[in-house]
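Reviewing the structure listed below.
The values are calculated or read from the model by the stated rules, or taken from the named source; none is laboratory data. These numbers were taken from a predicted model, which means no experiment stands behind them. Cβ atoms come from the backbone with ideal geometry, glycine included; neighbour counts cover every protein chain shown.
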Amino acid sequence: MKKYLYLFVCVAALFVSCQSDMIDKDHSIIVDPALDPSSPTYKFDQYTQKRFGETYNVEIIYRWRDNATSASYNLVPVRLSRIDTIAHLTHYLWFDVYDQMVSPDFLKVYGPRMIQYIGSKGYNSNGTSTLGTADGGIKILLYGMNELIINDIRELNQYAFHVMHHEFSHILHQTKTYPKEFEFISMGLYDPDQWQNQKDTVMHRRGFVTPYASSAPHEDFVEIISTYVTNYAGRPTQSWSWDEILADAAKGKPDPADTLRGDQVIINKLEIARTWLKDKYEINIDSLRSEVMRRQQRIDSPVKMDSIMNELYIEDESRRIPHDWNFAEHEQ
């Protein structure tokens, strides 16, 4: 009995002690331990935490984490002087599009939990370069950020937003499988080893929007979606719009004996993707594409870019987030 009484007294004393030492949250000077107020990136870190972390439960990673990248690549970090613009564009051209066109909760449920930016490309032994990867439906890595021409939408798509839609489409089809009938359309034409040696025009006429689409059915599926939504796809030496791809594909057939031209094959693949997105996720791919293209047209000059940098953060008082940081002075 004495043991229980002693325990009760101790617990009661502890409770009184805790009550007297409770934190006054309205006047607390405690800050998130992950944020360093003395860091030159402190305001930007507050922005990414509020805009992406609190809203979408997404961590924006731009500082170098050696154990978070592939050891097979010789990589460099993204430059501080451009990460703020890239983060703004990521929200404007990707997150906010899904908020407006699908649902404010969509990316909270299906989106990645981490987006990591890498300064250089990931160069492969076969002469290709990796621009993005999706790790287990949790993390998207984007490479080559230091080479971006910020107000050139073809560049932005090539290195960032086509890649993001591509990798995110992988996450979607890994969550809800796409129709098997898609894989039969170009059966026998996929080549995982030699796609990088194929010409764009040859692949278009075989029914692929890009050479990489011909590497495997699941890559074909996400390339159809990402190319249609962003309107652009291509390699560093050549970028094609969706209409240009179809016009080129119409000049040939996958095989002389086929009844369908390359453009008709591509359109059939798009129709499967369109129906799948609508049925599985209630996404209207045509509306999504229209909104992406509308926003793309607004960032093709430095003046327009400045406007975009302020659009979501100043005009709407309820969504305003301070972003008066300047990294250039801290960069060597």
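Do we have residue 139 as at pLDDT below 90, under 27 Å from residue 279 (Cα atoms) and either surrounded by fewer than 17 Cβ atoms within 10 Å (Cβ to Cβ) or among the charged types (D, E, K, R) (or both) here? Here the answer is yes, as residue 139 does meet what is asked. In the range 103-132, of all residues being hydrophobic (A, V, I, L, M, F, W, C) and surrounded by fewer than 19 Cβ atoms within 10 Å (Cβ to Cβ), the one that is farthest from residue 282 (Cα to Cα) corresponds to 114. Of the residues making up the range 103-127, those that are farther than 19 Å from residue 54 by Cα and either touching an Asp or Glu at 6+ places or on another chain (Cβ under 8 Å) or modelled with pLDDT of 85 or more (or both) are 117, 118, 119, 120, 121. Take the residues in the range 163-192 that are among the β-branched types (Val, Ile, Thr) and either in contact with a strand residue (DSSP E or B) (Cβ under 8 Å, 6 or more places away or on another chain) or farther than 25 Å from residue 244 by Cα (or both), then tell me which one is surrounded by the most Cβ atoms within 10 Å (Cβ to Cβ). Checking each candidate, the answer is 163.
Residues of the range 277-291 that are closer than 19 Å to residue 182 by Cα and of a type in the set (A, V, I, L, M): 277, 283, 285. Can you tell me which residues in the range 54-84 are in a helix (DSSP H, G or I) and surrounded by 16 or more Cβ atoms within 10 Å (Cβ to Cβ)? Correct list: 55, 56, 80, 82, 83, 84. Restricting to the range 101-154, name every residue that is over 13 Å from the mean Cα position of the chain (by Cα) and assigned to a helix (DSSP H, G or I). Result: 101, 106, 108, 109, 146, 147, 153, 154.
So which residues in the range 83-109 are in contact with a Gly (Cβ under 9 Å, 6 or more places away or on another chain) and not hydrophobic (A, V, I, L, M, F, W, C)? Correct list: 98 only.
For the range 193-245, a tally of residues being crowded, with 20+ Cβ neighbours inside 10 Å, in a loop (DSSP other than H, G, I, E, B) and of a type in the set (A, V, I, L, M, F, W, C) returns 2. For first residues located in the range 275-287 and in a loop (DSSP other than H, G, I, E, B), partners that are of a type in the set (Gly, Ala, Ser) and at pLDDT below 95 and lie 6+ apart or on another chain with Cβ distances below 9 Å form the pairs 282/103. Restricting to the range 253-267, give me the number of residues that are exposed (fewer than 14 other Cβ atoms within 10 Å of the Cβ) and either polar (S, T, N, Q) or in contact (Cβ under 8 Å) with a residue 12 or more places away in the chain (or both). So the count comes out to 1.
Across the range 160-192, the qualifying residues are those that are in a helix (DSSP H, G or I) and aliphatic (A, V, I, L, M), and the one among them that is farthest from the chain's Cα centre (by Cα) is 185. Given the condition touching a Gly at 6+ places or on another chain (Cβ under 9 Å), under 19 Å from residue 85 (Cα atoms) and at pLDDT below 90, answer yes or no: does some residue in the range 165-188 qualify? The answer is no, given that none of the residues of the range 165-188 is touching a Gly at 6+ places or on another chain (Cβ under 9 Å), under 19 Å from residue 85 (Cα atoms) and at pLDDT below 90.
Just one of (1) touching a Phe, Trp or Tyr at 6+ places or on another chain (Cβ under 9 Å); (2) modelled with pLDDT under 90; (3) among the aliphatic types (A, V, I, L, M); (4) assigned to a helix (DSSP H, G or I) fails for residue 265. It is (2).
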